[in-house]
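Written below as structure tokens is the structure these notes are about.
Every read-out reported here was derived from the displayed coordinates using simple, explicitly stated rules and does not represent laboratory data. A quick note: this is a predicted structure, and the numbers were derived from the prediction, not measured. Cβ atoms come from the backbone with ideal geometry, glycine included; neighbour counts cover every protein chain shown.
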Amino acid sequence: MKTDKENIFIKSYGCQMNVYDSTRMSDSLGHEGYNETGQMDDADIIILNTCHIREKAAEKIYSELGRIRLLKQKRSEKGLETTVVVAGCVAQAEGQEIIRRAPIVDMVVGPQSLHRLPEFMKQRVAGKKVVDTDFPEEDKFDIFSSGEKKLSASAFLTVQEGCDKFCTFCVVPYTRGGEYSRSVAQLLTEAENLVSRGVREINLLGQNVNAYHGEGLDGRDWSLARLLEQMAQIDGLERLRYTTSHPREMTDELIGLFAGQPKIMPYLHLPFQSGSDKILKAMNRKHTGEFYRDIIAKVRKTCPSIALSTDIIVGFPGETDQDFEDTLEMVRKVTFSTAYSFKYSIRPGTPAADIAQQIPENIKSERLQTLQALLNQQQANFNKNSEGKVLPVLFDRTGYKDQQILGKTPYLQSVHVKGSPRLIGSVHDVLVTSGGPNSLEGDLVMPQT
Ligand code: SAH
Ligand code: SF4
Ligand code: F3S
């Protein structure tokens, strides 16, 4: 088997934390001389970085593996070998079972063992399977290398991983393990590396990012607010965001930064899951609807223009029409610029899977439709209200049309404008001319040549 200059193809599913992990895998395998390709057909090594959050997410992997089986067979007829790796949260949750269901898989590697991949690649022996779902002693973040490859203007940076909250519907505490915060020093080094590679906006990630409590520069625990303040000092870094926050960890200090630190963008993703206190209790969310609304009131008072986003689940076991109505009422009261809404999906091994009063699929679908109609309306209104405003846009890619470039407003809306690709990687003022349901169109205020 060849050992160098093999082509690697990485496909990421699920949350932004997987996107971050995939970038780091690409960096560390790149260091070892592997070459990343955007084409699965060209790949000697195929890595699927998987998500287990809902049943559909996990099943998607098996249909993809079905396609890869044919690809592997075709390549083998040409005398080419293909190594298939399942990484991420399905790997963690299902382990060996994946190889039983899909024998073409060569390696199964959980999210906390990803830094061992280069080693596993070197030691490959045809036909020998590797399954690693350990939570190793060593820190994957110490070993994940920083890279040199130029990056897009906006990047993710995992600052906190895992979760101790155990919401009764959720697999994350099992797939990612307990809550762990990285040190401020390590994060600053990584952030500086990102900025040196062209990054202008960093989105700090954590399953409960606002519960961050890593070792600070003075040896004491620092909060997310302090980490953000420190990171904001990096020259060349223009924007900071963080996600996902938990309502219980939304401190006054953190809320205050929406007014006090100009690099923090006026956007907050704060899942509320359900508007019914009864359901919130059954979900083990440890907050009420009123508690959530009080936080939103504080946030809006500090930053009236803020764009709010959320996650909502419909059809949690025991959810009545009235409970669902409470969810709709919460949405009407708060108003969101965007939101992610899901039908409750039974996850084996989580406490909610054993609740007797599961909601029939057709009711879940109906509720989701009703909710999404309301959310889409709110998103359309939010975008429409941007018309006529001048907003700073960070451009990060070219569009499909000639001379079209795309970027993001502070409120995380996508904007299309006519402009030179040379503007990609920097912030420019845009006059919003039209606000559609999913994106904005605008004109550069001072067209650059
Ligand atoms: N840590 C974040 C979210 C993690 S998962 C938080 O605490 O909010 C992202 C979203 O997926 C969750 O907010 C939830 O809305 C949804 N989700 C998680 N488990 C689910 C399940 N079993 N069924 C449906 N949606 C689920
Ligand atoms: Fe899952 Fe709840 Fe933890 Fe979020 S806080 S990752 S929903 S257990
Ligand atoms: Fe999915 Fe794992 Fe993220 S289950 S949502 S990829 S933490």
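Can you give the Kirkwood hydrodynamic radius of the chain from its Cα pairs, in Å with one decimal?
23.4 Å
Could you give me D for the stretch 140-384, from Stokes-Einstein at 10 °C and 1.306 mPa s, where the hydrodynamic radius is the Kirkwood radius over C-alpha pairs? Units µm² s⁻¹, please.
D = 83 µm²/s.
What order do you get for His31, His52 when you list them from fewest to most C-beta neighbours inside 10 Å?
His31, His52
If you take all C-alpha pairs in the stretch 59-120, what percent of them are over 18 Å apart?
36 percent
Shape verdict for the stretch 17-71, please, from the Cα gyration tensor: rounded (a/c under 1.5), prolate (a/b greater than b/c) or oblate.
Oblate shape, in that a/c is at least 1.5 and b/c is the bigger or equal ratio.
Two decimals is fine: what's Rg over Rh for the stretch 290-449, C-alpha atoms, Kirkwood radius as Rh?
Result for the stretch 290-449 is an Rg/Rh of 1.09.
List the pairs from Lys286/Lys364; Lys384/Lys418; Lys78/Lys149; Lys78/Lys129; Lys150/Lys408 whose alpha-carbon separation is above 26 Å, in the order I gave them.
From the list (Lys286/Lys364; Lys384/Lys418; Lys78/Lys149; Lys78/Lys129; Lys150/Lys408), the Cα-Cα distance tops 26 Å for Lys78/Lys149.
Could you line up Ser305, Ser426 from fewest to most neighbouring Cβ atoms inside 10 Å?
Ser305, Ser426
Per the helix-only calculation at 222 nm, which mean residue ellipticity applies to the chain, given -39500 (n - 2.57) for every DSSP H run of n ≥ 4 and division by its residues, nearest 500 deg cm²/dmol?
Rounded to the nearest 500, it is -10000 deg cm²/dmol.
Using alpha carbons only, how many angstrom separate the centre of the stretch 211-237 from the centre of the stretch 375-425?
30 Å
Ranked by Cβ crowding within 10 angstrom, fewest neighbours first, how are Thr433, Thr243 ordered?
The order, fewest Cβ neighbours first, is Thr433, Thr243.
Using a 7 Å offset from the Cα along the Cα-to-Cβ direction at both Asp311 and Arg293, what is the distance between the two label points in nm, to one decimal?
It is 2.4 nm.
For the stretch 15-167, what is the per residue volume of the convex hull drawn over the alpha-carbon atoms, in cubic angstrom?
Value for the stretch 15-167: 134 Å³ per residue.
Can you classify the stretch 241-295 as rounded, prolate or oblate using the Cα gyration tensor, where a ≥ b ≥ c are the square roots of its eigenvalues, rounded means a/c under 1.5, and otherwise it's prolate if a/b beats b/c and oblate if not?
The shape class here is prolate.
So, R0 is 35 Å and r is the distance between the beta-carbons of Gln39 and Ile363; what FRET efficiency does that work out to, to 0.05?
0.25
Calculate the FRET efficiency for Glu97 and Gln186 from the Cβ-Cβ distance with a Förster distance of 45 Å, rounded to the nearest 0.05.
Once rounded, the FRET efficiency stands at 0.85.
Quick check on the stretch 390-444: what does the Kirkwood estimate of hydrodynamic radius come out to from the alpha carbon pairs, in Å?
Taking every pair of different Cα atoms in the stretch 390-444, averaging 1/r and inverting gives 10.6 Å.
Beyond 16 Å, what share of the Cα-Cα pairs of the stretch 130-173 remains, rounded to the nearest whole percent?
Percent of Cα pairs beyond 16 Å in the stretch 130-173: 63.
For the stretch 25-127, which trypsin sites (Lys or Arg not before Pro) are in a loop by DSSP, counting at most 11 other Cβ atoms within 10 Å?
Lys78
Do you know the relative contact order of the stretch 284-382, to the nearest whole percent, from alpha carbon pairs under 8 angstrom that are 6+ apart?
Answer for the stretch 284-382 is 33 percent.
How many angstrom lie between the Cα centre of the stretch 239-286 and the Cα centre of the stretch 27-46?
Centre-to-centre distance over Cα atoms comes out at 37 Å.
Going by the alpha-carbon gyration tensor, a ≥ b ≥ c the square roots of its eigenvalues, is the stretch 114-230 rounded (a/c under 1.5) or, if a/c is not under 1.5, prolate (a/b greater than b/c) versus oblate?
Oblate shape, in that a/c is at least 1.5 and b/c is the bigger or equal ratio.
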